[in-house]
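Chemist: One structure, as structure tokens, below. Some questions next.
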Amino acid sequence: MRRVTRILVLVVSVLTISGMAVAKELTLDDCLELALKNRASIIAARGQETVAKWNERAALGAFLPRVSASYSYVKSKSTDIKSDELVPIGLDTLIDTFVVGLDTFLALSLRPTGFDVLEAELDDQDRTSRSLDIRASMSVANFSDWFDYAAARAERAGARLDVIRSEQDLIYAVKTAYYAYLAAVENVGVQEDAVKRSEEQLKLIQSKFDLGSAAKSDVLKQKVRSGNDRLALLTGQNMVTTTRADLAYTVGIDPGGDVTFSTAFETREFHGTLNEAVDFGLNHKPSLLAARKSVEAANHSVRSRWSEYLPKLSAFASLDWSDGTRGDTVVFNFSSRSRTVGFEVTYNIFDGFFRERNLSQSRVSLNDARAGLADMTNLVSRDIRTAYFDIEKLKEQKRVAQENVDAAQEDMKITQEKYNLGAATILDLLDAQVSLKTAQVSLVRAGFELNLSVAALERAMGKM
């Protein structure tokens, strides 16, 4: 019974923890962590870095000896078959007489009286052989290997910088989606206040109409205003759903899943001069640093192609051992051992212009890399300047938007009092309502655009 109770407590605890995990709101930091773990672009960039790492190791392997070994064991059996033979079993003696001139000759001949068959004989032979072969070769002087290794190192460093660039691009995309979601949530709050305010105004005007102090057109116009505010609220709520799904996709989770995002908002600022921002970006922007590594790798590639005009020196060694038996192992045992050591100098006199083609292609790649580096340098400088001045503009825009909200609230209060006293028309009141809501929406947008512009500047600087 006690064991069952413990199991139930454990199950309840797990379910409670799971419910807490589902109900947890994801902050911006949580979103960034999930995105860097889930998104395919980051996984692909890290995969390319892994490939570059092994390319570097393969280039380093050119300086190491090539070693190979082989072992063989062979056992065979052969049988030699002799054909059947006919053996006579008896002989008859015949004497023939020949007279040649005055001389007489006797000829003796034997004739078989019968034959016997001698069956075929089998000759079996067993053969066994073993052999071991170990070979090693090493490039002693090949300058292209040095330059290829240096190029591989530069390419690996560039691949690592590409991973950082992909991460920073993703961080900016997550921040953009997150700030858009927060702006949509804040906008819904503004629209809800507008709906509540318009409904209160409708009740007030309806009561004035019932008392005969307001025209029927005032009631109808306020109803139209209230309907437009409700429509704007519905549009804002749909925007929250859309931006939430976009944020979930950017983070790398199911947009239709049961997940909530925190609406905590912190206004960010950049403290520094324009020159400081530009200097930092030119020394830390990953894409710019990767372009420099591309130029470095292209330079080494050109040197490697040049070295193909030089002679190459290599050394080699081998050890061979074999052992075997055939038939009578005492008489027919055989074994051998051999060692080989040497070096080889090769010089490519003419290869059908392949060296010239490779050198020309490397030079073109180097020129392209240099041009790309120049463009990237100018692009980084431009992006930093654009983002920096956008921040200055948005700071002033936010200050003006706050002043507009304060002015619109005061104007709404005065117009409301005037309308209650009959000194203002319904159109004046509706204009004040629209002006207040517009100013509040602009303030919300300015705040989040300022945060986004700070993120854009950090991205342009390579600081995220």
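Chemist: Using alpha-carbon pairs under 8 Å, 6+ residues apart, how would you state the relative contact order of the stretch 396-464 in percent?
Modeler: Normalised by residue count, the contact order of the stretch 396-464 is 40 percent.
Chemist: Mind giving me the nanometre distance, one decimal, between the label points for Glu25 and Phe343, set 7 Å out from Cα along Cα→Cβ?
Modeler: Those two pseudo-labels are separated by 7.5 nm.
Chemist: Starting from 0.36 nm per residue, how many nanometres of slack lie between Ala371 and Thr235 once their C-alpha separation is accounted for?
Modeler: Stretched fully, the Ala371-Thr235 segment lengthens by 44.2 nm.
Chemist: If you don't mind, there's one more thing I want to ask. Please list 223-232, 286-295, 426-435 highest first by mean number of surrounding beta-carbon atoms within 10 Å per residue.
Modeler: 286-295, 426-435, 223-232
Chemist: Still on this structure, I have one more. Once phi is turned into θ = phi - 60°, what whole-Hz ³J(HN,Hα) does the Karplus curve with 6.51, -1.76 and 1.60 give for every residue of the stretch 335-343, x standing for Gly and Pro?
Modeler: Computed from phi, the couplings for the stretch 335-343 are 7, 8, 9, 9, 10, 9, 9, x, 9 Hz.
Chemist: Ranked highest first by the average count of other Cβ atoms within 10 Å around their residues, in what order do 442-449, 70-77 fall?
Modeler: Highest to lowest by the protection proxy: 442-449, 70-77.
Chemist: Test of understanding: what is the full-extension gain from Thr263 to Gln361, defined as 0.36 nm times their sequence separation minus their Cα-Cα distance?
Modeler: 29.8 nm
Chemist: Among 172-179, 133-140, how do they line up from the highest to the lowest mean number of other beta-carbon atoms within 10 Å?
Modeler: 172-179, 133-140
Chemist: Once Lys and Arg get +1 and Asp and Glu get -1 on their Cβ, which of Thr243, His284, Leu274 lies farthest toward the positive end of the dipole of the stretch 213-293?
Modeler: Thr243
Chemist: Leaving out ligands, DNA and RNA, what percent of the accessible area of the stretch 122-256 is carbon and sulfur, probe 1.4 Å?
Modeler: Roughly 56 percent of what the probe reaches on the stretch 122-256 is carbon or sulfur.
Chemist: Could you state the principal axis extents of the C-alpha atoms in the stretch 279-380, from the largest down, to the nearest angstrom?
Modeler: The principal-axis extents, from largest down, are 86, 35, 20 Å.
Chemist: Taking 0.36 nm per residue of separation and subtracting the Cα-Cα distance, what length does fully extending Thr242 through His284 add?
Modeler: Value of the extension gain: 11.6 nm.
Chemist: Additional query: Excluding residues fewer than 8 places away in the same chain, name every one of the aspartates and glutamates whose C-alpha is closer than 13 Å to that of Lys221.
Modeler: Excluding near neighbours in sequence, the set is Glu199, Asp229, Asp428, Asp431.
Chemist: For an R0 of 60 angstrom, estimate the FRET efficiency from the Cβ-Cβ distance between Arg382 and Ser129 and round to the nearest 0.05.
Modeler: After rounding, the FRET efficiency stands at 0.20.
Chemist: Oh, and also: Quick one: accessible area per residue over the stretch 338-407, 1.4 Å probe, rounded to a whole number of Å²?
Modeler: Normalised by residue count, the accessible surface of the stretch 338-407 is 70 Å².
Chemist: Using a probe radius of 1.4 Å on heavy atoms only, what accessible surface per residue do you get for the stretch 234-315? Whole Å² is fine.
Modeler: Computed with neighbouring chains in place, this is 53 Å² per residue.
Chemist: Which cross-chain or sequence-distant (5 or more) residues have an amide H under 5 Å from the amide H of Ala424, H modelled 1.01 Å from N in plane?
Modeler: Sorted by chain and number, the residues that satisfy this are Tyr419.
Chemist: What dipole magnitude, in Debye to the nearest 20, does the stretch 268-365 give about its Cα centre under +1 on Lys/Arg Cβ and -1 on Asp/Glu Cβ?
Modeler: Here the size comes out at about 200 debye.
Chemist: Using θ = phi - 60° and the Karplus relation 6.51 cos²θ - 1.76 cosθ + 1.60, list the HN-Hα couplings for the stretch 441-457 in order, rounded to whole Hz, with x at every Gly or Pro.
Modeler: Each residue's phi maps through the Karplus curve to give 5, 5, 5, 4, 5, 5, x, 6, 5, 5, 4, 5, 5, 5, 5, 5, 5 Hz.
Chemist: May I ask for the Kirkwood hydrodynamic radius of the stretch 193-274, worked out over all distinct Cα pairs and given in angstroms to one decimal?
Modeler: 16.5
Chemist: Assigning unit charges at the beta carbon (Lys, Arg +1; Asp, Glu -1) and nothing else, what dipole magnitude in debye, to the nearest 20, does the stretch 226-279 show about its Cα centre?
Modeler: Roughly 300 debye for the stretch 226-279.
Chemist: Taking the Cα centroid of the stretch 392-424 and of the stretch 146-224, what is the distance between the two, rounded to the nearest whole Å?
Modeler: 22
The values are calculated or read from the model by the stated rules, or taken from the named source; none is laboratory data. It should be emphasised that the depicted structure is a prediction, and the values quoted were computed from it without experimental measurement. Counting neighbours? That spans all protein chains shown, and the Cβs are built from the backbone with ideal geometry, glycine included. For accessibility, only protein heavy atoms count, side chains too; no ligands or nucleic acids. Shrake-Rupley method; radii C 1.70, N 1.55, O 1.52, S 1.80 Å.
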